[in-house]
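Taking it in order: structure first as structure tokens, then the write-up.
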């Protein structure tokens, strides 16, 4: 699969999201941060925006659900056009059932973990997933500082993924920049969400390529 760069539109211009996504043609995915002002203290996008954005770009959408009750709400994002849907294990009561529903729809199923949520209790769930997201900041806001304390968990997650024998991608999200992406790649991550690093750059697409080069150079 190789390294994948997934810019988050949380730091883009909300008034012109179609145009903002058009500025990153070399991205692998577009990361859509969905927040409900309950699971996290912020409010962003819903299924109608995902549906509208899916019509305006050929890049696949990766919906990261930072919401309460993922069990009841996740499928609406798959039906809206998200090619990958990430549910937080902290707000999901039946993760196996939800992952199977998403995959049955043809959508990639991903599990997200907050920084202090350990991966080990969910090792048996890995064969049901297409991706694991290790948050490297507390979810809710863009532009936060990367938490180095998450690096050992990235390594442990990679080890568990390798033992599971499946093709599970390992994504990191939070504070990813040219200064931090190499450490995450060295620890075993292969999918990188970058928001402020991309959209604060003069040329967002050039930053996508610069981040990719840094990660590829550091990957084992």
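The values are calculated or read from the model by the stated rules, or taken from the named source; none is laboratory data. All values derive from a computational prediction rather than experimental measurement. Methodologically, a virtual Cβ is constructed for each residue, glycine included, from the backbone with ideal geometry; neighbour enumeration extends over all protein chains shown.
One table, with the values for the structure above:
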| item | result |
| --- | --- |
| Scope segment 29-54; condition modelled with pLDDT of 90 or more and touching a helix residue (DSSP H, G or I) at 6+ places or on another chain (Cβ under 9 Å); matching residues | 30, 31, 32, 33, 34, 47, 49, 50, 51, 52, 53 |
| Condition met for residue 28 (surrounded by fewer than 19 Cβ atoms within 10 Å (Cβ to Cβ) and either free of Cβ contacts under 8 Å to residues at least 60 places away in the same chain or assigned to a loop (DSSP other than H, G, I, E, B) (or both)) | no |
| Residue check, residue 202 in contact with a strand residue (DSSP E or B) (Cβ under 9 Å, 6 or more places away or on another chain) and either under 20 Å from residue 20 (Cβ atoms) or not in a helix (DSSP H, G or I) (or both) | no |
| All positions within segment 137-161 that are farther than 16 Å from residue 11 by Cβ and either touching a strand residue (DSSP E or B) at 6+ places or on another chain (Cβ under 6 Å) or modelled with pLDDT of 95 or more (or both) | 150, 151, 152, 153, 154, 155, 156, 157, 158, 159, 160, 161 |
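Okay, residues lined up against (1) without any contact (Cβ under 8 Å) to a residue 12 or more places away in the chain; (2) within 22 Å of residue 30 (Cβ to Cβ); (3) surrounded by fewer than 16 Cβ atoms within 10 Å (Cβ to Cβ); (4) over 14 Å from the mean Cα position of the chain (by Cα):
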residue: 95; (1), (2), (3), (4): no, no, no, yes
residue: 99; (1), (2), (3), (4): no, yes, no, yes
residue: 108; (1), (2), (3), (4): no, yes, no, no
residue: 119; (1), (2), (3), (4): no, no, no, yes
residue: 128; (1), (2), (3), (4): no, no, no, yes
residue: 131; (1), (2), (3), (4): no, yes, no, no
residue: 136; (1), (2), (3), (4): no, yes, no, no
